[in-house]
Amino acid sequence: MDDFRYLKGSLSCEGVSMRDIAKSVGTPCYVYSCATFRQHFIRLRDAFAPINPLICFSVKCCSNLSILRLLTELGAGMDVVSGGELFRAMKVGGDPKNFVYAGVGKSDAEIRYALEQRIGLFNVESEMEFENLARIARETGIHTGAALRVNPDVDPKTHRYTSTGKRESKFGVDLERAAAFFRSYGRDPFVSLRGIHLHIGSPVYTTAPYLESVTKALALMDELTGQGFQIDTLDLGGGFGADYESDQSPLADEYANAIVPLLRDRVTNGLRIILEPGRTIAANAGVLLTKVEYVKKSGDRNFAICDAGMHTLLRPSHYGAFHFVWPTDVPAALVPPRRARELVLPGLERTEVVGPLCETGDFLAEDRMIPPLHRGDLLAVYTAGAYGMTMASRYNSHPLPVEVLVEGDQFRVIRERETYDDLVHHESA
Ligand code: LLP
């Protein structure tokens, strides 16, 4: 699952103790494991090898340049959703031919920038967007490729905020409108519309929604081919799960076993497949380290007040997401045997793990049985490598946390902790 393990009661990332990292760079701190990133990428690549997909890492989930460089060196392309993400991906020397650009609200400036970088594929989400892209391509004289994001009306059975493939979502074009879309725009002289893009939601813990959406996309592609359009790309989007609890997510092989058989023959006949995984690669590769500042009781409840909160990791508060939380240093009897909502171990205490912000919604873990906490204890918030740092804010004027990358028995800072000067850098008094 990942490379965060207890050795003699003390949590390590690969060969480095989390306590040593905290001592050196302070908290809150995001710690990433190189080995886990590599292993997750390679597993996915190997599982899908029979259809040889272009694996475009979803930059939005973990966008630090060092992480993007690590994945680029492994052969990943990039899935970007803004000019800023494209800028990041370009900075680490990726080949923009291997980038895909999605998003419902691409601005003119972003489209122009992406065209100038010669990005591989625009994933277009509406008629108006296509017309705008075609206009800018014509004005700049730059030819490009595009895929139509279709909305397959499939329920991914995930949080409603991250369910994106149902008819009522703002994403893509309804399946029934897709053929008309190709008839209107499929012969544009500057933007060659030649692919279908899907992204049904995140995370998707079963394979059935993928089967359903791919099947619908293939039927559409056959219809389009029958009408004389050449479709050479199918982009399946992202959404594969991660282990917030031990063994919660299907393995890369299980997703592949479901999806590959639908596509193998088509790939033999020239279809190119793109995947846009984020979470399944990054989530388990990162842990948030936070220090307990104070403990207190309010009514019957025990509170551990930490130096990280919803400003550092928004997911618990925003989606009600579960992240396993445990002290980094515990006696042998309290080393967690697995990561689960409820563990039965001696002497645990029901605790609210909260942040320092002035909001009741500022929590990391609610109503959790964990070892009794004391001022100064270090806590690990697991599975925080995806949508952790990238969704962090400076709310209540807390500088953004430091990020650290571990490789073997070494670690290095890959983003310095912000200072108070950084907080006001763009302001004038
Ligand atoms: N492709 C597209 C078009 C997407 O919108 C997304 C994620 C992905 C790929 C990558 O999905 P992944 O493989 O990471 O599941 N902030 C939320 C997740 C939002 C996902 C947005 N789109 C969270 O913390 O759960």
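The values are calculated or read from the model by the stated rules, or taken from the named source; none is laboratory data. As the structure is a computational prediction, the values presented were derived from the model and not from experiment. Please note: Cβ atoms are built from the backbone with ideal geometry, for glycine as well, and neighbour counts cover all protein chains shown. Surface areas here come from the heavy atoms of the whole protein model, side chains and all, with no ligands, DNA or RNA. Shrake-Rupley method; radii C 1.70, N 1.55, O 1.52, S 1.80 Å.
I'd like the antiparallel share, as a percent to the nearest 5, of DSSP beta bridges with both residues in the chain.
Antiparallel: roughly 50 percent of the beta bridges in the chain.
Projecting each Cα onto the charge dipole of segment 34-282 (Lys/Arg +1, Asp/Glu -1 at the beta carbon, about the Cα centre), which of Y244, V124, I51 comes out farthest on the positive side?
Comparing the listed Cα positions along the dipole, V124 ranks first.
What ranking do 310-323, 152-165 get when scored by the average of other Cβ atoms within 10 Å per residue, highest first?
Ranking the peptides 310-323, 152-165 by packing returns 310-323, 152-165.
Quick one: net charge around M1, please, counting Lys, Arg +1 and Asp, Glu -1 for every other residue with C-beta under 13 Å from its C-beta.
-1
Roughly how many percent of the accessible protein surface of the chain is carbon and sulfur, given a 1.4 Å probe and a whole-percent answer?
Carbon and sulfur together cover 49 percent of it.
Using label points projected 7 Å from each Cα along Cα→Cβ, tell me how many nm separate R417 and K97, to one decimal.
Distance between label points: 4.5 nm.
Label 7 Å along Cα→Cβ of R167; segment 202-228 residues with amide nitrogen under 13 Å?
none
Say R0 is 35 Å: what FRET efficiency, to the nearest 0.05, do R264 and R118 get from their beta-carbon distance?
0.70
Which of the lysines could a cross-linker bridge to K97, judged by Cα under 24 Å and excluding same-chain residues fewer than eight apart?
Once the sequence-local lysines are set aside, what remains near K97 is K60, K106.
For segment 34-282, what is the relative contact order in percent, using Cα pairs closer than 8 Å and at least 6 residues apart in sequence?
21 percent
Over segment 293-429, with a single point scatterer placed on each C-alpha, what log10 of the ratio I(q)/I(0) does the Debye formula yield at q = 0.12, 0.18 1/Å?
Evaluating at q = 0.12, 0.18 Å⁻¹ gives log10 I(q)/I(0) of -0.53, -1.12.
At a threshold of 8 angstrom on Cα-Cα distance, excluding pairs fewer than six apart, so keeping six or more, what relative contact order does segment 1-144 reach in percent?
Across segment 1-144, relative contact order equals 15 percent.
Show me 52-64, 198-210, 105-117 ranked by packing, highest mean number of other Cβ atoms within 10 Å first.
Ranking, from highest mean packing down: 52-64, 198-210, 105-117.
So what is the calculated 222 nm ellipticity per residue for the chain, using -39500 (n - 2.57) for each DSSP H run with n of 4 or more, over all residues, to the nearest 500 deg cm²/dmol?
My calculation for the chain gives -8500 deg cm²/dmol from helical runs alone.
Going from most exposed to least, what order do D95, D409, D79 have by accessible area with a 1.4 Å probe?
Heavy-atom accessible area, descending, gives D409, D95, D79.
Beta carbons within 10 angstrom, averaged per residue: use that to sort the peptides 365-372, 141-148, highest first.
141-148, 365-372
As an exercise, take the mean of 1/r over every pair of distinct alpha carbons in segment 179-261, invert it, and state the Kirkwood radius in angstroms.
It works out to 14.4 Å.
Leaving ligands, DNA and RNA out of it, work out the accessible area of M391 with a 1.4 Å probe and give it in Å² to the nearest 10.
That residue has around 50 Å² of solvent-accessible surface.
Let me know the charge dipole size of segment 34-282 about its Cα centre in debye, to the nearest 20, where only the beta-carbon of Lys, Arg (+1) and Asp, Glu (-1) is charged.
Its charge dipole is roughly 460 debye.
Residues with beta-carbon under 12 Å from that of S246, excluding S246: net charge, scoring Lys, Arg +1 and Asp, Glu -1?
Charge balance in the 12 Å sphere: -1.
In whole Å, largest first, what are the principal axis extents of the Cα atoms in segment 34-282?
If we take the Cα atoms of segment 34-282, the spans are 50, 38, 36 Å.
Farthest toward the dipole's positive end in segment 34-282, which of L275, G93, T225, given Cβ charges of +1 (Lys, Arg) and -1 (Asp, Glu) about the Cα centre?
Final value for the positive-end residue is G93.
Suppose all protein chains stay in the model; what accessible area per residue would a 1.4 Å probe give for segment 34-282, in Å²?
Value for segment 34-282: 39 Å² per residue.
Using a cut-off of 17 Å between alpha-carbon atoms, which aspartates and glutamates can reach K166, once sequence neighbours fewer than 8 places away in the same chain are excluded?
Filter leaves E125, D153, D155, D174, E176, E212.
Which value, in Å² and to the nearest 10, is the accessible area of F87 when all protein chains are kept and the probe is 1.4 Å?
Accessible surface of F87 is approximately 110 Å².
When the dipole is taken about the Cα centre of the chain, and only Lys, Arg (+1) and Asp, Glu (-1) are charged at their Cβ, what size is it in debye, to the nearest 20?
220 debye
So what's the convex hull volume per residue for the Cα atoms of the chain, in Å³?
148 Å³
Less than 15 Å Cβ to Cβ from R19, Lys/Arg counted +1 and Asp/Glu -1: what total charge do the surrounding residues give?
-1
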